[in-house]
Structure formats: structure tokens, C-alpha cells
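Peer 1: Below you will find the structure I want to go over with you.
The values are calculated or read from the model by the stated rules, or taken from the named source; none is laboratory data. Everything numeric here is computed off the predicted structure, so don't read it as measured data. Every residue, glycine as well, gets a Cβ built from its backbone with ideal geometry; the counts of neighbours run over all protein chains shown.
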Amino acid sequence: MQRQQKCPISTLRIRFFKILSTNTIRLAPRKASLAEFVINAPTANDGREGSALKMVRIWWVLVWLLGAQSTLLLAADCGGLRNLKLADTTITLADTVTSGVLEIEGAGPPLHDLPAFCRVAGVLRPTSDSKIRFEVWMPVQGWNARLLGSGNGGFAGEIWYDQFAGYLKRGFAVAGTDAGHQAEGTDASWALGHPEKVKDFGWRAIHLTTQRAKQILTAYYGKSEEKAYFDACSDGGREALMEAQRFPEDYDGILAGAPANAWSTMLAAGAGALQNLIADPKAYISDKKLPAIQKASLAACDALDDVKDGIIGDPAQCHFDPEVLLCKSGNALDCLTQPQVDALKTLYGGEKDAANKIVFPGFTMGDETAWKEWVVGEDPGSSLSSQFVQNYFRYVVTGDPKFNILTANVDELIHESNQKEAADLDATNPDLSKFATHGGKLILYHGWNDPAISPWNTIAYYKSVEREMGDKKVNSFARLYMVPGMEHCSGGPGASALGQFGMETAKGPKHGLFDSLQDWVEMGSPDESVIATKYAAGKDGVRKPAMTRPLCAYPKVAKYKGAGNTEDAENFTCATP
């Protein structure tokens, strides 16, 4: 079904002025505007009489349009936005970019094939210690009357301009922020002695950026956005849930991937995982042993879904026992010592407190080679998880840059982290009633083989929302999709291009879950035929679809029909396990 766009008064005004001048902006809804109809209607006679009648029509339409809103002539003035006065906000840049190419210092390769757009940058200072940088990009022509909010990853520290570019090309106005500091994603040193910056990172920056973006859109286009969406993963997934929970009117549709929403508990539990893995050198699992672990786990569980393809379709059905890898004698790359077996069991089973209660779930089986970067590193203490945990406790929680995570009491860390930081960093509130009342729709997704954030955490949060609000109510505004073979936010052995960050899929809705979300918000029901795609380079080096699989709303899973190509989504159906 094709989405229909309304033709608001401001759109009619802008189309009218496009007729009068080629130097002003033009929005292009699919329906002809009243102004064009009146101006271009056939005259009774040709020649001078027809021209005179047409000029009369133009005059009356001009009077009507200008009466609708007197600020029209300022709508296309991008440079004039420099003088826009907004609370706690300084506009530092307001320029029209028409070259099609934009190079931003320190932001990676130049962006190409950009449509003409108004680029606005600014700084938010809600407190004396705040310096939140933000940007808003607005198409000069063809705005679809929608705002897209872009999120962050890790400890934030930069704006994701690639996502800006992708959505801009699709007609969206886009907004994003560095969350209040400039740093690499694993760096938390900016937080030392700066509690207000922690609040900016935790919840304030995204919310204020969204508010200012909406005000800037209104100033530029002469109208507000019709719908607002948010698309982010990891810390961005946490930000997404923070928006739904604390600021339910900011967005109409939210696509949240692999949310780090239980932030204070997740990183505290990560301290326990590190102690189990690297405090005792005998327990450390070298990345050289990961292939043997993966081979054994796949041997145990790969075929449970009737397709032996290197992907465990439903990890909940996998009960692989690491004891099968125990070395019979000595130590080798294809086996594990007893301390290593014990460490592996903890990685799978999750971190427990002194009462033997799981405080944060573990990882799944079947793609253990992906643990090299995130979990085990190239040597003890070099993994990304180690960096996140160490920096969080040194610079955010304890304020001690020399704090040693390996000698700390984990139960005490969990308590301290929760007490000090949960209020600003956690997004675990299961009551989404205000978001639902607003008409908001939420789609969660998580890769089953995520080596950064346990996929069981997202399932636990979704179930908590169901317990709080009831299955029927939740089903009216929220969905969860678990993605077999997908790692952190994307990538992995499975089909992982599913519409996140603007990725295209080879079958079904072009932009997968995002298109489904947009249908749900604007047309009343989500598209249930979303297909995920795995791309690979062909013989000619060109990236092509290598596999497609249906995405199934939890708790359903993709089930092979028993015949046909197992690389084609057509031969699978969504079924309850």
C-alpha cells in the first residue's frame, strides 16, 4: 500500500512561490496543490483576456497564502536561522549545502550524492557544565514532513553523519547530537568530576536535541513535522527506550536495537565476568580457542531448526555443555582446561550475585569467534568489554582513575553502580503507557549472537513490559524481533540487513523494520512480511544478496518448510516454537 501525504497550507504556499521564483524551496507532495489548480485552471478565452484572468487568480491566491502565515518568506532562508533564539541554545552554523559533497573534519570520508540541504549546527547549555553539540539537516526540496532522530553508540562523543546522509536522501529532516562531549566510544574520562555531563549523556542531550530540532524545522519550513521517528542501536537503543519512557511525546515511532538499557547493572555484571575470565590467567580463553568452541556448539545445536547452515535458529533450544571440550591431557587449541570450561560456563550462564541469583544474562552459542573483539580480546584485558567496564567504574562511578576492577567486590560494585548511576543511565521502566497513549509505536530488535550485549536482556525487558501492561495492550504498540546469526546491531553469519540505520533489504519492504514501523504509525498496522538479508561480494566483486530470512515477531521463529533453497526466505515460515 502506498503511503499518502497530506498537502498542508504551508506546502501550498511553498509550491506557489516555486512558481513565482526558482530560488525558493519546493515541497512535493503527491497530490496537486490548490494553488496550482487555481493558477493553472483553463481560462475562458485565449490571449490577453486569458492572461488577465490568470493574473487575477494569482493575486487572490497570493493574498490567501500570505494571510495563512506571515513568516513564509523566511521559510527558505537557511542563513537566517543563525539568528534564531532558542532557550539555552547557540546556533553556530546555518548554511545551505548544494555541492552534493560534504567533508566534516574528524568525521571520516566525505559524504557524496547529497541533495541540497540546510545544515544547522548548535550548542545546548542547559547547565553551566553542559556543552551539547547538535546538528539538524533539512532537505531544501522534497521534505517528507518527517523528522528522524539519530542516536549514539558506546559512551557517545560524536554525531553519526553517515546515518544523517542516508535518511536525508530519503527526504527526512535528520537530527543528532554528540550527547554532550567529544570522545571515542570507549572513553569515559570526560565524566570524571562532571555529574551534569553524565546527565547529558544519560537522557538530557537526546531529548533537548529533539525539542530544538522540531523548533528549527518549524522556523525553516513554516510548519512542524507530521511524524517523528528514532532509529538507533546499542547505547542508541538505550537512548530510544529512555525517550519512550521519560519523554513519550518526542517520537511517534521508535526502532530500538540491542538496547544497553540496564546500563548500571550490565557494566557492573561485566566486572564479574572480567574477574572470572582474566583474574586467574589459567581461566583466560585465548581467541585462538574460539573456533573450537564454536565448532562444538554448532555440532550440538545447528541442526535443531532442520537446517544445517552454521546458524542456530533458536538459541533458547540449545543446551550445549562445554564439558565436552575438556582437555583429556595437557592443553591444546582444540580443547579447554577445567578453569577455562568454568569461565565459558559463566559467559554463557550470566553473572550471579552472592545469593546465586543472575543479575545479568550471558551470551548465546553458535558464533563464539565473534567474541574476539568484544569478550576475550587478543590478550587479557584488551577486549572492548574490558575497556567499557574499567572506564565506567574509574570515571563515572568511583571517580578513581586507578581503580582496579579485578580486585573489587562485585556485589558492592553492583550496589554502588545502581545507587549512583541508575537514575540517569538506566532505561528499564516497563510502564510505557504514556508512550502508547500518545500513539507511539515501538519495534525492538536484537541479534541472537550479539557479543556485546546479551540478547536475553532485551527479551527480559520486553517480558517485563508485558507483565506490566498485559500482552494484548503491548501487542497494540510494541514488537520484538530476535535475529538469528546477527551480532551487535548488524553483521554476523546470519541475515542482518533489516532496515536499521537505513539499510536496504533485498525482499519485502525496502527498508525492513523501519518501513514496518512507519506503516504502523501512519497506516495503523505494521507490515508483517519483513525480510532480513545477508549480503556478500559476488564473483565480480559486487555486493549481492546471499541469503534472505523472514523476521518473526517474538516468540515466533523462522521455521524451514522442508523443501526448497534454504538461502531463500520463501521457504521459511514464522511459527511458535
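Peer 1: Search segment 457-495 for residues being among the polar types (S, T, N, Q) and assigned to a helix (DSSP H, G or I), and hand back the single one that is nearest to residue 535 (Cα to Cα).
Peer 2: So the first thing to find is which residues in segment 457-495 are among the polar types (S, T, N, Q), and the list is 457-458, 464, 475-476, 490.
Next, from what is left, pick out any that are assigned to a helix (DSSP H, G or I): 457-458, 464, 475.
On the way: 457: 28, 458: 26, 464: 35, 475: 31 Å.
The residue in question is 458.
Peer 1: Being part of a loop (DSSP other than H, G, I, E, B), out of contact with any Pro (no Cβ under 8 Å at 6 or more places or on another chain) and modelled with pLDDT of 95 or more: is that true of residue 379 here?
Peer 2: Yes: the conditions hold for residue 379.
Peer 1: Give the residue, chosen from 136, 140, 97, 101, that is under 21 Å from residue 181 (Cβ atoms) and assigned by TED's automatic domain parsing to the domain that holds residue 226.
Peer 2: Values: 140 fails: under 21 Å from residue 181 (Cβ atoms); 97 fails: under 21 Å from residue 181 (Cβ atoms); 101 fails: under 21 Å from residue 181 (Cβ atoms).
Selected residue: 136, the only one of 136, 140, 97, 101 that is under 21 Å from residue 181 (Cβ atoms) and assigned by TED's automatic domain parsing to the domain that holds residue 226.
Peer 1: Let me ask something additional. Within segment 78-93, track down each residue that is surrounded by 12 or more Cβ atoms within 10 Å (Cβ to Cβ) and free of Cβ contacts under 8 Å to residues at least 24 places away in the same chain.
Peer 2: 80, 82 - these are the residues of segment 78-93 that are surrounded by 12 or more Cβ atoms within 10 Å (Cβ to Cβ) and free of Cβ contacts under 8 Å to residues at least 24 places away in the same chain.
Peer 1: Could you list all residues from segment 435-462 that are surrounded by fewer than 22 Cβ atoms within 10 Å (Cβ to Cβ) and farther than 20 Å from residue 264 by Cβ?
Peer 2: Of everything in segment 435-462, those that are surrounded by fewer than 22 Cβ atoms within 10 Å (Cβ to Cβ) and farther than 20 Å from residue 264 by Cβ turn out to be 436, 437, 438, 439.
Peer 1: Consider residue 264 carefully, then state whether it is over 27 Å from the mean Cα position of the chain (by Cα) and closer than 19 Å to residue 350 by Cβ.
Peer 2: No; evaluated as a whole, the condition is false for this residue.
Peer 1: Counting residues that are under 27 Å from residue 399 (Cα atoms), which helices (runs of 4 or more DSSP H) fully inside segment 142-248 reach at least 3?
Peer 2: Values: elements: 161-169, 195-199, 205-221, 235-246.
Qualifying helices (runs of 4 or more DSSP H): 195-199, 205-221, 235-246.
Peer 1: Looking at segment 288-299, is at least one residue surrounded by fewer than 16 Cβ atoms within 10 Å (Cβ to Cβ) and at positive phi?
Peer 2: No - not one qualifying residue is present in segment 288-299.
Peer 1: Here is a follow-up. Would you confirm, using the coordinates I've provided, whether residue 353 is in contact with a strand residue (DSSP E or B) (Cβ under 8 Å, 6 or more places away or on another chain) and surrounded by fewer than 18 Cβ atoms within 10 Å (Cβ to Cβ)? Steps first, answer last, please.
Peer 2: On the way: in contact with a strand residue (DSSP E or B) (Cβ under 8 Å, 6 or more places away or on another chain): yes; surrounded by fewer than 18 Cβ atoms within 10 Å (Cβ to Cβ): yes.
Yes.
Peer 1: Here are some conditions: (1) within 27 Å of residue 463 (Cβ to Cβ); (2) modelled with pLDDT of 95 or more; (3) not assigned by TED's automatic domain parsing to the domain that holds residue 444. Residue 577 meets all but one. Which one does it not meet?
Peer 2: (2)
Peer 1: Here's another thing I want to ask about it. So residue 514 ticks every box in (1) out of contact with any His (no Cβ under 7 Å at 6 or more places or on another chain); (2) surrounded by fewer than 21 Cβ atoms within 10 Å (Cβ to Cβ) but one. Which box is left unticked?
Peer 2: Of everything listed in (1) out of contact with any His (no Cβ under 7 Å at 6 or more places or on another chain); (2) surrounded by fewer than 21 Cβ atoms within 10 Å (Cβ to Cβ), residue 514 misses just condition (2).
Peer 1: Sticking with this one: Select, from 254, 312, the only residue that is assigned to a loop (DSSP other than H, G, I, E, B) and modelled with pLDDT of 95 or more.
Peer 2: 312
Peer 1: The conditions are (1) in contact with a Leu (Cβ under 7 Å, 6 or more places away or on another chain); (2) more than 30 Å from residue 478 (Cβ to Cβ); (3) assigned to a helix (DSSP H, G or I), and residue 284 fails exactly one of them. Which is it?
Peer 2: Against the list (1) in contact with a Leu (Cβ under 7 Å, 6 or more places away or on another chain); (2) more than 30 Å from residue 478 (Cβ to Cβ); (3) assigned to a helix (DSSP H, G or I), residue 284 comes up short only on (3).
Peer 1: Could you check, for segment 185-202, whether at least one of its residues is under 17 Å from the mean Cα position of the chain (by Cα), buried (at least 23 other Cβ atoms within 10 Å of the Cβ), at pLDDT 95 or above and acidic (Asp, Glu)?
Peer 2: For segment 185-202, residues under 17 Å from the mean Cα position of the chain (by Cα), buried (at least 23 other Cβ atoms within 10 Å of the Cβ), at pLDDT 95 or above and acidic (Asp, Glu): absent.
Peer 1: Going through segment 289-337 one residue at a time, which ones are polar (S, T, N, Q) and within 30 Å of residue 550 (Cα to Cα)? Steps first, answer last, please.
Peer 2: Restricting attention to segment 289-337, the residues satisfying the condition of being polar (S, T, N, Q) are 294, 297, 317, 329, 331, 337.
Once the filter is applied, which keeps residues that are polar (S, T, N, Q) and within 30 Å of residue 550 (Cα to Cα), segment 289-337 yields 294, 297, 317.
Peer 1: Further question on the same structure: Checking the condition touching a residue at least 40 places away in the same chain (Cβ under 8 Å) and within 13 Å of residue 134 (Cα to Cα), which residue from 170, 238, 204 passes? Walk me through how you get there before you give the answer.
Peer 2: On the way: 170 fails: within 13 Å of residue 134 (Cα to Cα); 238 fails: within 13 Å of residue 134 (Cα to Cα).
204 is the lone residue from the list that is touching a residue at least 40 places away in the same chain (Cβ under 8 Å) and within 13 Å of residue 134 (Cα to Cα).
Peer 1: Can you tell me which of 99, 70, 51 is surrounded by fewer than 15 Cβ atoms within 10 Å (Cβ to Cβ) and modelled with pLDDT of 95 or more? If you could, list the steps in order and put the result at the bottom.
Peer 2: Numbers: 70 fails: modelled with pLDDT of 95 or more; 51 fails: modelled with pLDDT of 95 or more.
The match here is 99.
Peer 1: On to the next question. Which of the following residues is closer than 24 Å to residue 340 by Cβ, surrounded by fewer than 20 Cβ atoms within 10 Å (Cβ to Cβ) and under 26 Å from the mean Cα position of the chain (by Cα): 384, 406?
Peer 2: Values: 406 fails: under 26 Å from the mean Cα position of the chain (by Cα).
Only one candidate qualifies: 384.
Peer 1: Give me the residue from segment 517-530 that is of a type in the set (A, V, I, L, M) and buried (at least 23 other Cβ atoms within 10 Å of the Cβ) and, out of that set, farthest from residue 447 (Cα to Cα). Working first, answer last.
Peer 2: Here is the first cut: in segment 517-530, the residues of a type in the set (A, V, I, L, M) are 517, 521, 523, 530.
From the residues that got through so far, the ones that are buried (at least 23 other Cβ atoms within 10 Å of the Cβ) too are 517, 530.
Numbers: 517: 18, 530: 15 Å.
Residue satisfying both the conditions and the ranking: 517.
Peer 1: When the residues of segment 229-253 are narrowed to those that are of a type in the set (A, V, I, L, M, F, W, C) and more than 18 Å from residue 164 (Cβ to Cβ), which ends up farthest from the chain's Cα centre (by Cα)? Show your work before the answer.
Peer 2: Taking segment 229-253 and keeping what is of a type in the set (A, V, I, L, M, F, W, C), we get 230, 232-233, 240-242, 244, 247.
Applying the additional criterion that residues be more than 18 Å from residue 164 (Cβ to Cβ) yields 241-242, 244, 247.
Values: 241: 10, 242: 13, 244: 13, 247: 17 Å.
Of everything passing the filter in segment 229-253, 247 is farthest from the chain's Cα centre (by Cα).
Peer 1: What strands (runs of 3 or more DSSP E) lie completely within segment 500-577 and have 3 or more residues being in contact with a Lys or Arg (Cβ under 9 Å, 6 or more places away or on another chain)? Outline the logic, then answer.
Peer 2: Details: elements: 531-537, 543-550, 557-560, 572-575.
Where strands (runs of 3 or more DSSP E) fall fully within segment 500-577 and carry at least 3 residues being in contact with a Lys or Arg (Cβ under 9 Å, 6 or more places away or on another chain), they are 531-537, 543-550, 572-575.
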